[in-house]
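Everything below concerns the one structure shown next.
The values are calculated or read from the model by the stated rules, or taken from the named source; none is laboratory data. Quick caveat: nothing in here was measured; it's all calculated off a predicted structure. Counting neighbours? That spans all protein chains shown, and the Cβs are built from the backbone with ideal geometry, glycine included. Keep in mind that these areas ignore ligands, DNA and RNA; they rest on the heavy atoms of the full protein, side chains included. Shrake-Rupley method; radii C 1.70, N 1.55, O 1.52, S 1.80 Å.
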Amino acid sequence: MAKDTLPYDEGNKAFNDKVLPENNPYAEDDWRHDEWYLGWSHGEECDTTGSWDWSTDSFTNS
């Protein structure tokens with residue numbers, strides 16, 4: 001990622017790239033961890049293809 005990219009944007013891109021949320025690159029005690037996950041979650045919420053299955057915690061089109 002570019003140096004000026006926000007963790008939120010990284011998380012959103014990660015969802016679109018089908019990166020699992022447990023692969024968050026930031027430690028849980030780092031503020032960027034939550035920001036990354038918020039971006040990932042936003043990507044999931046806005047996804048119209050239904051590519052994330054919460055019952056299996058995985059992408060459906062993997």
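If you scan segment 1-28, which residues turn out to be touching a residue at least 24 places away in the same chain (Cβ under 8 Å) and either open to solvent by 70 Å² or more (accessible area, probe 1.4 Å) or at positive phi (or both)? Matches in segment 1-28: Leu6, Tyr8, Asp9, Lys13, Asn16, Lys18. For first residues located in segment 43-54 and outside any helix (DSSP H, G or I), partners that are surrounded by 12 or more Cβ atoms within 10 Å (Cβ to Cβ) and lie 6+ apart or on another chain with Cβ distances below 8 Å form the pairs Asp47/Phe15; Ser51/Lys18; Ser51/Phe59; Trp52/Phe15; Trp52/Glu44; Trp52/Ser58; Trp52/Phe59; Asp53/Phe59. Against the test of being loosely packed, with under 12 Cβ neighbours inside 10 Å and touching a Phe, Trp or Tyr at 6+ places or on another chain (Cβ under 8 Å), the options Thr48, Thr60 yield a single qualifying residue, Thr60. On the stretch given as segment 17-41, residues that are more than 8 Å from the chain's Cα centre (by Cα) and assigned to a helix (DSSP H, G or I) total 7. Please specify each residue of segment 1-27 satisfying the condition of being touching a Gly at 6+ places or on another chain (Cβ under 8 Å), within 19 Å of Ser58 (Cβ to Cβ) and not basic (Lys, Arg). Those that are touching a Gly at 6+ places or on another chain (Cβ under 8 Å), within 19 Å of Ser58 (Cβ to Cβ) and not basic (Lys, Arg): Gly11, Asn12, Ala14, Phe15, Asn16, Asn24. Asn61 falls short on exactly one of the conditions (1) modelled with pLDDT of 95 or more; (2) outside any helix (DSSP H, G or I), and that condition is (1).
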